[in-house]
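Asker: Submitted below is the structure of interest, expressed as C-alpha cells.
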Amino acid sequence: MDVGRHIEAELNSEPAHRGAHHVQSLERGLAVIKAFHAGAAELTLSDVARATGLTRAAARRFLLTLTDLGYVRTDGKHFSLTARVLELGYAYLSSMTLPEVAQPHLEHLSATVHESSSVSVLEGTDIVYVARVAVSRIMTVSINVGTRFPAYATSMGHVLLAGLSKAELEAYFEVASFDRLTDHTVTAPDPLRAELAKVADQGWAMVDQELEEGLRSVAAPIHDRKGRTVAAVNLSTHASRTTAESVREDLVPPLLETARSIEADLAIGAPGRAHG
C-alpha cells in the first residue's frame with residue numbers, strides 16, 4: 001500500500017470509533033497536507049485528489065483554503081507546502097523535554113569526537129530532527145530541527161524502526177515507499193528486516209552511504225523508563241574521513257554513553273513523561 005492509498009483508506013475507514021465531536025472536514029484538510037512528502041513535494045490538483053480519495057472539487061477547495069492561509073503555494077498548476085506548515089509542529093517540538101535535555105549532551109559529544117550529532121523521533125515513515133549540533137556540513141541539503149528523512153535509509157531510522165513492536169513494524173512496511181537514493185540504499189524488505197533485527201540485537205545501527213553518497217552515520221536508541229525506544233541519537237561523518245571499522249571503534253562507545261546520559265536525565269527531569 002502506498003502513501004496515497006493509505007491516506008485514502010484512512011479517510012474512508014469506518015467512523016464507528018469516532019465520537020460525535022469528529023470534524024471530517026478537518027481530517028480531510030490534514031489529509032491534503034499529508035499528501036505532500038519527500039517524494040511528492042509538488043502536486044497537481046489531480047495528484048492531491050488521487051492521493052486523498054477526495055473529488056477534484058473538494059481537493060481544490062482545501063488547497064485554495066490552505067493557500068489563503070499561507071500553508072500552500074501554487075503557480076496555478078502545481079501546489080507545494082510552504083515553511084509555515086512547520087508552525088503546526090512547532091508547539092509540540094518546543095514543549096518537549098527531549099530537545100532541551102539532549103542539546104547539552106549533543107554539544108559535549110560533538111566537541112569530543114568532532115563530528116555532527118543529532119536526535120530524532122519517528123513520525124510516520126520518516127524521522128524528524130528535534131535537536132542537532134552541526135560541526136561541519138557534510139550533506140548537500142541543510143539539516144535543521146524539523147528536517148525529515150525516510151527512516152529506512154538513515155541510522156536513526158533503523159534504530160527507531162528496530163524499537164517498534166512486531167505489529168507496528170508490519171504496519172510500517174505496508175505504507176512505506178522504498179526508493180533507491182544511492183547505489184548503497186537497501187530497498188528490499190527482507191534484507192531491511194534482517195538489518196533491523198541485527199540492530200535490535202546489538203543496540204546500535206550504522207548506515208553507510210544509503211541516504212547520500214559519502215555520508216556514513218551511526219545511531220543509538222534513547223529509551224524511556226519503561227524501556228521503550230522513544231528517540232534516537234546519532235553521529236554522522238564523511239566516508240572519506242573514516243572507515244566503518246573506525247566508526248565502530250571510535251564513535252560507537254561515546255555515542256552509547258551519550259544515549260545513556262540522555263536517558264538518565266530524561267528520567268530525572270521528566271517524571272511521568274516519555275519524551276515530552
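Asker: Between Leu266, Leu26, Leu81, where does the largest GNM mean-square fluctuation fall for the chain, given springs only between Cα atoms within less than 10 Å?
Answerer: Greatest mean-square fluctuation among the candidates belongs to Leu26.
Asker: Give the long-range amide H neighbours of Ala231: residues separated by 5 or more places, or on another chain, with amide H under 5 Å away, using H modelled in the peptide plane at 1.01 Å from N.
Answerer: Those lying under 5 Å, H to H, from Ala231 are Ile222.
Asker: So, in the chain, how many Lys pairs have Cα atoms under 24 Å apart, if the pair is 8 or more places apart or on different chains? Intermediate values should be presented prior to the final figure.
Answerer: Details: Lys34/Lys77; Lys166/Lys198; Lys166/Lys226; Lys198/Lys226.
Final tally of qualifying lysine pairs is 4.
Asker: Here is a follow-up. Quick one: which residues, 5+ away or cross-chain, put their amide H under 5 Å from the amide H of Leu215? H built at 1.01 Å from N.
Answerer: Gln209, Ala239
Asker: Restricting things to Cα coordinates, could you compute the convex hull volume per residue of the chain in Å³? Kindly include the intermediate steps, with their values, before the conclusion.
Answerer: Values: hull volume 40.6 nm³, N = 276.
In the chain, the Cα convex hull volume per residue is 147 Å³.
Asker: Identify, among Ser80, Ile127, Pro191, the residue whose Cα sits farthest towards the positive end of the charge dipole of the chain, taking +1 on the Cβ of Lys and Arg and -1 on the Cβ of Asp and Glu, with the dipole about the Cα centre.
Answerer: Result: Ser80, furthest along the dipole toward the positive end.
Asker: Something else: Return the single residue from Val32, Val23, Val85 with maximal mean-square fluctuation; model: Gaussian network over the chain, springs between Cα atoms under 10 Å.
Answerer: Taking springs between Cα atoms under 10 Å, the residue moving most is Val23.
Asker: Another question, if that's okay. Distance between the C-alpha centers of region 181-229 and region 109-138? Whole Å please.
Answerer: First find each Cα centre; the distance between them is then 15 Å.
Asker: Find out how many positive minus negative residues lie around Tyr71, taking Lys and Arg as positive, Asp and Glu as negative, among other residues whose Cβ is under 13 Å from that of Tyr71.
Answerer: Numbers: positive: Lys34, Arg73, Arg84; negative: Asp68, Glu87.
Here the count lands on +1.
Asker: While we're looking at this one, here's another question. Once you've got the GNM for the chain with C-alpha springs shorter than 10 Å, pick whichever of Leu256, Leu88, Leu192 has the biggest mean-square fluctuation.
Answerer: Leu88
None of the figures in this text is laboratory data; all of them are computed from the coordinates on show. Just so it is clear, the structure is predicted and the values come from calculations on it, not from any experiment. FYI the Cβ positions are ideal-geometry reconstructions off the backbone, even for glycines, and counts take in every protein chain you see.
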